[in-house]
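Beneath this line is the structure, given in structure tokens, with notes to follow.
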Amino acid sequence: MNAAPLARRPLGCLKASLRQARQHRMFARCMATDADADADADADADPGLPTQQLPPPEHDFFRITDRKTKTLRTAFAVYPPTTIAGTPSIAAAPKNVLGSLHALQIAKMDPTGARTALFAKTRDAAKPGDVLMVTHRRGGEPFAGVVLSIRRRGIDTAVLLRNHLGKVGVEMWFKVYNKNVAGVEIVKRRAKRARRARLTYLRKPKHDMGSVEDLVHAWKKSRKVFSSGKGGAGAAGAKGKGGKAAVAGRKK
Amino acid sequence: MAPRLPAGCWRQLPIRPAPSATTTTATTAATTAATTTPSHHARLFTTTPTAAVKYGWSTLPARARPHRFNQVTSGLPAPSTGPAAALKRKEHSTPVRAGVLATKKGMTVFMGRTGARIACTVLQLDRVQTVLNKTRRTHGYWAVQVGMGARQAGNVTAPLLGYYEAKGIAPKEVLAEFRVRDERGLLPVGVQLLPDWFHVGQRVDVRSNSRGQGFAGGMKRHGFSGQEASHGNSLNHRTIGSAGPSQGSGSRVLPGKKMPGRMGNERVTVQNLPVLLVDNELGIVVVKGCVAGPKGTVVKVQDAVKKDPPADEFIEKTKNMLKERFPEAEAHLQAARERHMELKEARRNRTIEDIMSQGVKVSEEHADAIEDIIAATAKEDAADRVRA
């Protein structure tokens, strides 16, 4: 060891040892506070815990057997999934959650059930090939047309109507449960049930129905005749109930 | 050999040789004088601070002096790299609360009262439980491990069975971790997180794996434009063409070159989706817009990183709800831990069979409580029958 520095710095060793001592003291202080803090936290964390040992919570055992000897190798406690943190809880989440959500929403958007009945898969409901008239809350003129297809998707159920406006074929989708669709009325039923779910062939010139204007006109006329006794409030079926053929999907 | 002292140092010394001596001889003379002549000892231990470090008293060159140069205590600012700095840096982009695991059930629409139609995704929470808290001290960061669903014990490996045993919870289908900002984000272990962990209108980030597309070409995978249909092109209509410049640029393919390969099935985060609906009975959270992946995919839902965290009152409320719903959580965890230690010891000593034959011991208080509950339910049933 080199003694020269010691001789030049006679207090060097003392200083070093003092520094060490200081550091050690700080370290010790840290440790002490830490241990105390932990003890406090423990005491705070479970004041309600009884001092005696708790009974083991309910569980089953899962046995792991040896493949060759078929004897028990080991076993583990397996807790039941119905109990969560010692409290009984709901079992598995419901399966058909999308269906339930649709039902909830439909009940909210269509409390009378008229729209649901109009597009249900029943005899009296609207079918592809029928002529419908939809009153939209925003676009002034009601849109009438023949039903090409009904897309049933719960709350998102929609219907595709086709008409000719000025010799141009026009198709429009309407969301059945949307608030913007103010009313849906059956103008004319198809004489014979279509044997297709989607009447895409109606777009071909050979099968195209053309404009349904005359059908709508005739229907309005007949409604005027029927409703004339009640004060003639029949124009476009704004308020009154339609005839038997016109199942009103109106809710307002 | 000891290094030379700067002149300014040794001149301070009380023991000084004759002023006529040169610098080199003076140093050696000073040491010998200090050690040999007893008459100078009294002056050696003087308290006048003429020979302290701050006056430049050092035997080493300044650069080699052992001082604690990289400590916060030496007056330096806290280091800008390292684990603590990394945590600090990521603090603002780490959510305050843990998130939940969910399953994508499908898409539908949300019809508004004024005719609005919003496309939305239904996420279902199936028995979501907290499994583990990760702490800065033990793991290096703050996080909450969350599990979802249920798995048959036979489909779980032995190490994981032991893990669940120690937690006192049933084996879960999926486990995932959610980083949280600090210890305030940690949750009691074993409690169930229900959809009302979120509130309607808040924004969430949703992470999931996208639908796998398999091996896809450059056109589909990276949107390359492909090659000509004609002008002499032969069988190379959808190939990617050149992979890079030739000899002048090194004749190599640069790293990261976009090429055909596996597409999809990678993690996709959709940020800032508003929550439209929360239903505890159905166990669903409905978020606006779409979420990556097919139906049935597992998604992670957590408070949006790029929005303010939920209000403090709401965070408090959700935490209190956990306490109200699962008051036994802590006691249950403690009991499960004790049971785990007991069983672990038994497994080690190969006496597990004895414990299994004993079954689960139920204390008298426990049994009394169960009997009380049974009696109460029987009474209720009887009352119902009378009413009917």
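Picking from residues in region A:180-202 that are of a type in the set (D, E, K, R) and in contact with a strand residue (DSSP E or B) (Cβ under 7 Å, 6 or more places away or on another chain), the one that is least open to solvent (accessible area, probe 1.4 Å) is A:185. The number of residues in region A:157-171 being at pLDDT below 95 and either within 25 Å of residue B:116 (Cβ to Cβ) or of a type in the set (Ser, Thr, Tyr) (or both) comes to 0. The lone criterion from (1) surrounded by fewer than 15 Cβ atoms within 10 Å (Cβ to Cβ); (2) farther than 24 Å from residue B:141 by Cα left unmet by residue B:183 is number (2). Using the structure shown, decide if residue B:303 is within 9 Å of another protein chain (Cβ to nearest Cβ) and either at pLDDT 95 or above or buried (at least 16 other Cβ atoms within 10 Å of the Cβ) (or both). No; evaluated as a whole, the condition is false for this residue. Counting only strands (runs of 3 or more DSSP E) that sit completely within region A:58-151, those holding 2 or more residues that are surrounded by fewer than 16 Cβ atoms within 10 Å (Cβ to Cβ) correspond to A:60-65, A:72-78. The set of residues in region B:100-153 that are aliphatic (A, V, I, L, M) and under 22 Å from the mean Cα position of the chain (by Cα) comprises B:100, B:101, B:102, B:125, B:128, B:131, B:132, B:143, B:144, B:146, B:148.
Output the number of residues of region B:168-199 satisfying the condition of being assigned to a loop (DSSP other than H, G, I, E, B) and within 14 Å of chain A (Cβ to nearest Cβ).
14
None of B:330, B:313, B:365 is at pLDDT below 95, among the acidic types (Asp, Glu) and surrounded by fewer than 16 Cβ atoms within 10 Å (Cβ to Cβ) except B:365.
The single condition among (1) at negative phi; (2) surrounded by fewer than 20 Cβ atoms within 10 Å (Cβ to Cβ) that residue B:142 does not meet is (2). Apart from one condition, residue B:211 fits all of (1) within 26 Å of residue A:99 (Cβ to Cβ); (2) more than 11 Å from chain A (Cβ to nearest Cβ); (3) open to solvent by less than 50 Å² (accessible area, probe 1.4 Å); the exception is (3).
Residue under question is residue B:203, and the condition is that it be more than 14 Å from every other protein chain (Cβ to nearest Cβ), open to solvent by 60 Å² or more (accessible area, probe 1.4 Å), within 16 Å of the chain's Cα centre (by Cα) and of a type outside the set (Phe, Trp, Tyr); does it hold? Criteria not met by residue B:203.
In this structure, residue B:98 does not satisfy being at the interface with another protein chain (Cβ under 10 Å from one of its Cβ atoms) and of a type in the set (A, V, I, L, M).
The values are calculated or read from the model by the stated rules, or taken from the named source; none is laboratory data. What you see is a predicted model; the values in this text were computed from it and never measured. As a convention, Cβ positions derive from the backbone with ideal geometry for all residues, glycine included, and neighbour counts pool all protein chains shown. Each accessible area value is taken on the protein alone, full model and side chains, heavy atoms only, with ligands, DNA and RNA left out. Shrake-Rupley method; radii C 1.70, N 1.55, O 1.52, S 1.80 Å.
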